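The structure under discussion appears below in the form of structure tokens.
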Amino acid sequence: MTFPKDFLFGGATADFQCEGGFDEGGRGLLTHDFVTAGAYGKPRQITLTLKDGTRGSAGVRDELPEGAVPTLFDDTYYPSHQATDFYHHWREDIDLLAELGSTTYRFSMCWSRIFPTGMAQEPNPEGLAFYDQVIDYLATKHIQPIITICHDELPNALAIEYGGWADRRTIAAYQHYALTLIRHYHDRVKYWLTFNEINILGGYAALGTHKQDPQTRYQCVHNMFVASASVIRQARLIDRNLQFGTMYMMSEMYPASSDPQNVWAAYTTRREACFFFADVMSRGAYPHYTRELFKRLGVTLEMASDDLETLKAGTIDFLAFSYYRSGTVTAENGLLNENPHLQTTPWHWPIDPLGLRYCLNELFDRYQKPLIVIENGLGMIDKLENGQVHDQYRIDYMADHLRAIRDAITLDDVPCFGYTMWAPIDLVSLSTGEMKKRYGVVYVDMDDQGHGSLQRIKKDSFAWLEENYRSRGANL
């Protein structure tokens with residue numbers, strides 16, 4: 001069995017994890033530019049100037065102290081500033097994607113590279129020109145772009161002036177940014193993702209908010225729902241051939257035992273953590289269980305009179321999702337990263353390829369929309385020895401997960417149209433800010449403090465993935 005002839009194979013990245021060039025080409029500061037490196041068990045921080053003028057910090061998903069202002073300090077390493085320097089290595093990196101046999105590349109555009117503050121009317125011409133080069137070069141390699149409009153970030157000025165996504169003015173700023181991209185690139189880009197992993201966003205870096213309570217979070221989410229739907233609605237007037245999706249984190253969640261309390265806890269956790277977001281954006285309305293959810297959390301949404309009409313008119317065409325692991329749920333302790341039946345990574349993520357097939361079936365059963373696995377990969381500590389990286393563990397992981405997708409397509413008749421691995425070329429880990437947690441089939445010579453030659457070196461997994469991309473999985 002092989003994948004369909006038109007199945008899209010490729011890779012996925014995020015701008016602040018790979019692009020770099022944070023002070024070049026007219027780019028403005030991003031909310032992510034204030035995030036430090038961390039490690040497993042050591043959360044990443046946002047560096048601050050506190051209300052009394054002293055220096056401080058807060059966890060990347062924590063509330064910021066009252067009056068605190070995100071601040072860059074010269075003695076601190078911020079991974080997004082250089083990242084792995086796609087800004088200067090983009091031709092080399094795209095050449096590697098082409099050699100791999102990729103037919104698509106999912107990447108995000110940096111909002112503050114297009115609108116440095118997020119509030120101007122005219123876009124930064126250098127920003128548009130940079131992505132012009134990238135997209136045009138992809139076309140020469142027969143690689144189709146999939147663009148993430150907003151990947152867990154926003155211009156820092158929008159966070160400072162508006163309070164980020166908690167304020168409806170950010171909806172208008174996003175509309176202007178997104179429609180600028182669509183008008184400029186629509187003849188070269190068919191597939192668009194309005195947001196990345198919208199169901200797990202939190203903290204200043206992702207939402208631009210100081211507060212992280214349920215009221216703030218769900219108000220942000222509602223505003224993002226409206227922003228996405230309004231852009232989709234208007235974009236269809238620009239080009240009816242465009243396809244829009246949003247990306248969700250869809251780790252499978254199992255009850256930890258057959259205890260009915262655990263089964264119910266798993267069901268409700270899955271519904272609230274994952275399906276709620278796709279329900280609204282796929283069906284164009286808030287689901288029936290929202291009333292109980294918001295009442296329990298003490299949430300009262302502020303809406304404009306036409307918001308519900310906008311949600312109904314701007315539903316997504318397809319679902320994109322990330323899948324790395326599964327978890328178990330107990331009524332007492334909630335979601336846990338443990339399962340006695342599964343092996344785990346050094347970061348304690350269970351490895352569960354069958355869960356991916358389960359997830360594909362589950363999503364299509366619920367939404368009857370085309371699907372794409374937009375992120376899937378294995379973060380491991382790779383050893384570069386004598387110019388080589390022997391990563392059989394990554395080959396095994398990808399083989400198992402690609403077989404799961406193939407089985408969902410060929411045996412279960414699920415319309416999955418693509419797979420973009422995370423991430424084909426090593427980049428900075430989102431969760432820890434490390435380089436040693438590597439995902440790529442291409443090694444980047446850089447350490448956890450940004451030191452190194454940035455040389456790109458193909459791992460053993462590169463040749464294996466190339467063989468299977470080009471043969472459509474004939475050798476899985």
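In sequence order, what are the phi-derived ³J(HN,Hα) couplings for the stretch 464-470 according to the Karplus relation 6.51 cos²θ - 1.76 cosθ + 1.60 with θ = phi - 60°, rounded to whole Hz, with x for glycine and proline?
5, 5, 4, 4, 7, 5, 6
Among Thr54, Thr310, Thr290, rank each residue by its count of other Cβ atoms within 10 Å, from fewest to most, as a rough exposure measure.
Lowest to highest Cβ neighbour count: Thr54, Thr290, Thr310.
Given H placed on each backbone N at 1.01 Å, which residues far from Arg438 in sequence or on other chains put an amide H within less than 5 Å of it?
Amide H neighbours of Arg438, under 5 Å, 5+ apart: Met380, Ile381, Asp382.
Report the relative contact order of the stretch 1-59, percent, no decimals, based on alpha-carbon pairs under 8 angstrom and at least 6 residues apart. Display every interim value, and only then the final one.
Numbers: 40 pairs, mean separation 9.8, N = 59.
Dividing the mean separation by the residue count of the stretch 1-59 yields 17 percent.
Could you derive backbone 3J(HN,Hα) for the stretch 382-387 from the dihedral phi with the Karplus parameters 6.51, -1.76 and 1.60 (θ = phi - 60°), listing whole Hz in sequence and x where the residue is Gly or Pro?
Result, ordered by residue: 8, 10, 8, 10, 6, x Hz.
Between Tyr40 and Leu342, what FRET efficiency comes out of the Förster formula 1/(1 + (r/R0)^6) with R0 = 22 Å and r the beta carbon distance, rounded to 0.05?
Result of the calculation: an efficiency of 0.75.
What's the exposure ranking of Thr420, Thr2, going from fewest to most Cβ atoms within 10 Å?
Details: Thr420 26, Thr2 15.
By the 10 Å Cβ count, ascending, the order reads Thr2, Thr420.
Estimate the FRET efficiency between Arg296 and Asp62 by the formula 1/(1 + (r/R0)^6), using the beta-carbon distance for r and 35 Å for R0, to the nearest 0.05.
The value I calculate is 0.95.
Order these peptides, 19-25, 155-161, by their mean beta-carbon neighbour count within 10 angstrom, highest first. Before the final figure, lay out each step's value.
Values: 19-25: 18.7, 155-161: 22.9.
Highest mean packing first, the order is 155-161, 19-25.
Using Cα pairs closer than 8 Å and at least 6 residues apart in sequence, work out the relative contact order for the chain, in percent. Present the calculation step by step, with values, prior to reporting the outcome.
Details: 1013 pairs, mean separation 85.1, N = 476.
That works out to 18 percent.
Could you line up Met421, Met435 from fewest to most neighbouring Cβ atoms inside 10 Å?
Ascending number of Cβ neighbours within 10 Å: Met435, Met421.
I'd like to know which of Val60, Ala14, Pro123 lies farthest towards the positive end of the charge dipole of the stretch 1-133, counting +1 on Cβ of Lys and Arg and -1 on Cβ of Asp and Glu.
Of Val60, Ala14, Pro123, it is Val60.
Tell me, what ³J(HN,Hα) does each residue in the stretch 59-69 have, in order and in whole Hz, if you take phi through Karplus 6.51 cos²θ - 1.76 cosθ + 1.60 with θ = phi - 60° and put x for Gly and Pro?
x, 4, 10, 9, 5, 8, x, 4, x, 6, 10
Please report the spacing between the Cα centers of the stretch 355-376 and the stretch 163-186 in Å, no decimals.
28
Which percent, nearest 5, of DSSP beta bridges in the chain are antiparallel?
DSSP beta bridges in the chain are roughly 35 percent antiparallel.
What does the helix-only formula give at 222 nm for the chain: each DSSP H stretch with n ≥ 4 adding -39500 (n - 2.57), the total divided by the residues, and the result rounded to the nearest 500 deg cm²/dmol?
Helices in the chain give a 222 nm mean residue ellipticity of -11000 deg cm²/dmol.
Here are some values of P(r) over Cα pairs in 20 Å bins from 0, in percent: [x] 24, 62, 14, 0; [y] 23, 49, 23, 5, 0; [z] 24, 55, 21, 1. Which one was computed from this structure?
[x]
Amide H to amide H under 5 Å from Thr148: which residues, 5+ apart in sequence or cross-chain, H placed 1.01 Å off N in plane?
Here the answer is Phe107, Ser108, Met109, Leu193, since their amide H atoms fall under 5 Å of that of Thr148.
Round to a whole angstrom and tell me the spacing of the C-alpha centers of the stretch 384-429 and the stretch 110-127.
35
Can you list residues from other chains, or at least 5 along the same chain, whose modelled amide H is less than 5 Å from the amide H of Leu8?
The list, which skips near neighbours in sequence, is Gly418, Tyr419.
Taking 0.36 nm per residue of sequence separation and subtracting the Cα-Cα distance, how much length would be gained by fully extending the chain between Asp413 and Lys51, in nm to one decimal?
124.6 nm
Please work out the C-alpha center-to-center distance from the stretch 436-476 to the stretch 7-23 and express it in whole Å.
Using only Cα atoms to place each centre, the spacing works out to 14 Å.
Coordinate-derived values only; no laboratory data. Note that the coordinates shown come from a computational prediction; the quantities given were computed from them, not determined experimentally. Note that we place each Cβ from the backbone using ideal geometry, even for glycine, and neighbour counts take in every protein chain shown.
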